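The values are calculated or read from the model by the stated rules, or taken from the named source; none is laboratory data. The structure displayed is predicted, hence computed values, not measured ones. Every residue, glycine among them, receives a Cβ derived from its backbone with ideal geometry; neighbour counts consider all protein chains shown. Accessible surface is based on the protein model in full, side chains and every heavy atom, while ligands, DNA and RNA are left aside. Shrake-Rupley method; radii C 1.70, N 1.55, O 1.52, S 1.80 Å.
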Amino acid sequence: MSPIAVEIVVPAFNEAERLPAGLELLCRRLERLPARAAVLVVDNASSDATAEIVRQWPGGPVEVRLIHCAKRGKGAAVRAGILSSRAGIVGFCDADMATDPAVLDTVLQMMRVHPVIIGSRTHLGSRVEARHSRTRSGGALLFRRIAGRLVPGVGDTQCGFKFFHGDLARQAARRQRSNGFAFDVELLARCVRMGAAPVEVPVTWNDVPGSKFSVLRHGLPVIAELARIWFLLRRTPAVRAVPSASAAEIALIRPAA
Ligand SMILES: Nc1nc2c(ncn2[C@@H]2O[C@H](COP(=O)(O)OP(=O)(O)O)[C@@H](O)[C@H]2O)c(=O)[nH]1
Ligand SMILES: [Mg+2]
């Protein structure tokens, strides 16, 4: 069997409802990729059957592993997943598969050239099927303004669908300090500081009910996290060397027929 070329981290907190359909969809997609893939579900102290669902997931061509992360938060979970990955390409996506994983084929082909590919709901080619509440959309606008300063040139830092050359992701995650919902901004900014410019791809995005994000509970902490990221990055000099996937790792992905 060929080595695992792509690992996908799925942060999951109390996702017993949404995870089975999400994992099923993701695994079906991954089975058809021209590269061997595995899924790393990262749970932190879910009080429902999330962990059990992953433990009992039937074996198949796509291995599904469970990782426990002691620290709470989406950022902490994704960081733990990336750090336990070993593949040449590492990515993450949400348990609800709000971003249609059908775009994975395109993403993998683009990764032969680009070290960071991210889904973007602001891309003109994207199909955004539903919208958030007005309060959340207003908050998102403010967030985008600030995030745009930290990661210039990126229209949508928060679409939960991002792929990286593995060593680059692991180096960025090792430096990542954000544990909450704003962690994407820090992860991307750290990649940029290592010389890797993110490329945005159009996605089909569907707002799946059951979001764990509450404007009331997470709104202010997320803005505070952005301020902290700004402070952290001010003291981080740019590193020149870009760690990228080796030619051998990229060769594991066959060009599209
Ligand atoms: N492990 C872990 N995952 C989380 C946490 N908070 C959110 N997530 C996951 O992050 C992903 C995105 O969350 P979601 O609730 O869909 O947020 P939204 O799409 O931004 O409204 C889902 O897979 C969640 O299960 C957390 O504290 N720990
Ligand atoms: Mg969601």
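Can you pull out the residues in segment 209-232 that are in contact with a Lys or Arg (Cβ under 9 Å, 6 or more places away or on another chain) and closer than 12 Å to residue 150 by Cα? Result: 228, 229, 230, 232.
Is it the case that residue 122 is closer than 16 Å to residue 99 by Cα and of a type in the set (Ser, Thr, Tyr)? For residue 122, the condition - closer than 16 Å to residue 99 by Cα and of a type in the set (Ser, Thr, Tyr) - is met. Residues 107, 78, 90: which one is aliphatic (A, V, I, L, M), closer than 23 Å to residue 202 by Cα, out of contact with any Asp or Glu (no Cβ under 9 Å at 6 or more places or on another chain) and modelled with pLDDT of 95 or more? Exactly one residue qualifies, and that residue is 107. Among the residues of segment 98-119, is there at least one that is within 9 Å of ligand 1 (Cβ to nearest atom) and out of contact with any Cys (no Cβ under 8 Å at 6 or more places or on another chain)? Checked segment 98-119: at least one residue is within 9 Å of ligand 1 (Cβ to nearest atom) and out of contact with any Cys (no Cβ under 8 Å at 6 or more places or on another chain).
Do we have any residue at all in segment 141-154 that's within 16 Å of ligand 2 (Cβ to nearest atom), at pLDDT below 95 and part of a helix (DSSP H, G or I)? Reasoning before the result, please.
The first filter runs over segment 141-154 and keeps only residues within 16 Å of ligand 2 (Cβ to nearest atom), leaving 143.
Now restrict to residues that are at pLDDT below 95: 143.
Pick out the ones that are also part of a helix (DSSP H, G or I) and you get 143.
Taking every residue of segment 141-154 in turn, at least one turns out to be within 16 Å of ligand 2 (Cβ to nearest atom), at pLDDT below 95 and part of a helix (DSSP H, G or I).
Considering every residue within segment 188-199, establish whether at least one is within 30 Å of residue 16 (Cα to Cα) and either within 16 Å of ligand 2 (Cβ to nearest atom) or open to solvent by less than 60 Å² (accessible area, probe 1.4 Å) (or both). Yes; the residues of segment 188-199 include at least one that is within 30 Å of residue 16 (Cα to Cα) and either within 16 Å of ligand 2 (Cβ to nearest atom) or open to solvent by less than 60 Å² (accessible area, probe 1.4 Å) (or both).
Scanning segment 77-102 for residues that are within 16 Å of ligand 2 (Cβ to nearest atom) and aliphatic (A, V, I, L, M) yields 77, 78, 95, 97, 98. Against the condition within 13 Å of ligand 1 (Cβ to nearest atom), of a type outside the set (Ser, Thr, Tyr), in contact (Cβ under 8 Å) with a residue 60 or more places away in the chain and in a helix (DSSP H, G or I), how does residue 210 come out, does it pass? Taking the combined requirement at face value, the residue does not satisfy it.
Residue 11 fulfils the conditions (1) within 20 Å of residue 109 (Cβ to Cβ); (2) within 20 Å of the chain's Cα centre (by Cα) except for a single criterion, (1).
How many residues does segment 173-187 hold that are more than 16 Å from ligand 2 (Cβ to nearest atom), in a loop (DSSP other than H, G, I, E, B) and either of a type in the set (Gly, Ala, Ser) or in contact with a Cys (Cβ under 9 Å, 6 or more places away or on another chain) (or both)?
First, the residues of segment 173-187 that are more than 16 Å from ligand 2 (Cβ to nearest atom): 173-179, 185-187.
Restricting the remaining residues to those that are in a loop (DSSP other than H, G, I, E, B) gives 176-179.
Those still in the list that are either of a type in the set (Gly, Ala, Ser) or in contact with a Cys (Cβ under 9 Å, 6 or more places away or on another chain) (or both) too: 178.
The number of residues fulfilling the criteria is 1.
Taking residues in segment 123-145 that are free of Cβ contacts under 8 Å to residues at least 24 places away in the same chain, and partners anywhere that are basic (Lys, Arg), the pairs with Cβ atoms closer than 9 Å and at least 6 places apart or on different chains are 137/131. As a summary of the residue check, residue 65 satisfies the conditions (1) exposed (fewer than 15 other Cβ atoms within 10 Å of the Cβ); (2) part of a strand (DSSP E or B); (3) among the charged types (D, E, K, R) except for the one numbered (1).
Evaluation of residue 132 against the conditions (1) surrounded by fewer than 15 Cβ atoms within 10 Å (Cβ to Cβ); (2) in a helix (DSSP H, G or I) shows that the sole unmet condition is (2). Residues that are touching an Asp or Glu at 6+ places or on another chain (Cβ under 9 Å), among the hydrophobic types (A, V, I, L, M, F, W, C) and not in a strand (DSSP E or B) were ranked within segment 25-49; the one that is least open to solvent (accessible area, probe 1.4 Å) is 33.
Condition check ((1) open to solvent by 70 Å² or more (accessible area, probe 1.4 Å); (2) part of a strand (DSSP E or B); (3) closer than 20 Å to residue 30 by Cβ) across all residues:
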position	(1), (2), (3)
102	no, no, yes
118	no, yes, yes
138	no, no, no
171	no, no, no
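How many residues are surrounded by fewer than 22 Cβ atoms within 10 Å (Cβ to Cβ) and within 8 Å of ligand 1 (Cβ to nearest atom) if we restrict to segment 12-24? So the count comes out to 3.
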